[in-house]
Amino acid sequence: MTNNSTSSAPLTPPLGGFQEIDGRRVFIHRSGTGDGPAVVILPGASAVGLDYFGVQQAVSQFTTAVVYDLSLCV
């Protein structure tokens, strides 16, 4: 399934959601909890947040993990 405009399949929403920080909307997905510092994952090299889902889930086993998805920020 693809998320292009010619497909008749329903679009799958990305994990996470928009948060407003200092008047700007950023798209993040947060998981896990913990007493330690949060781990913030910034996808790069043409990657998107979902590319790091497995890493985020592993990190979230011991602390808060946040993926900041720049590809969806406006």
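Bear in mind these aren't lab numbers, they're just calculated from the coordinates by the rules spelled out. Remember, it's a predicted structure, so these values are computed and weren't measured experimentally. Every residue, glycine as well, gets a Cβ built from its backbone with ideal geometry; the counts of neighbours run over all protein chains shown.
Arranged from fewest to most other beta-carbon atoms within 10 Å of their beta carbon, Ser46, Ser60 become Ser46, Ser60. The Cα atoms of the range 18-72 cover 29, 26, 13 Å along the three principal axes, with the biggest extent listed first.
Placing pseudo-labels 7 Å out from each Cα toward the beta carbon at Ala38 and Ala58 gives an inter-label distance of 2.2 nm.
Multiply the residue separation of Arg24 and Ala45 by 0.36 nm, subtract the distance between their alpha-carbon atoms, and state the gained length in nm to one decimal.
Working: separation 21, 0.36 × 21 = 7.56 nm, distance 2.31 nm.
Full-extension gain reported as 5.2 nm.
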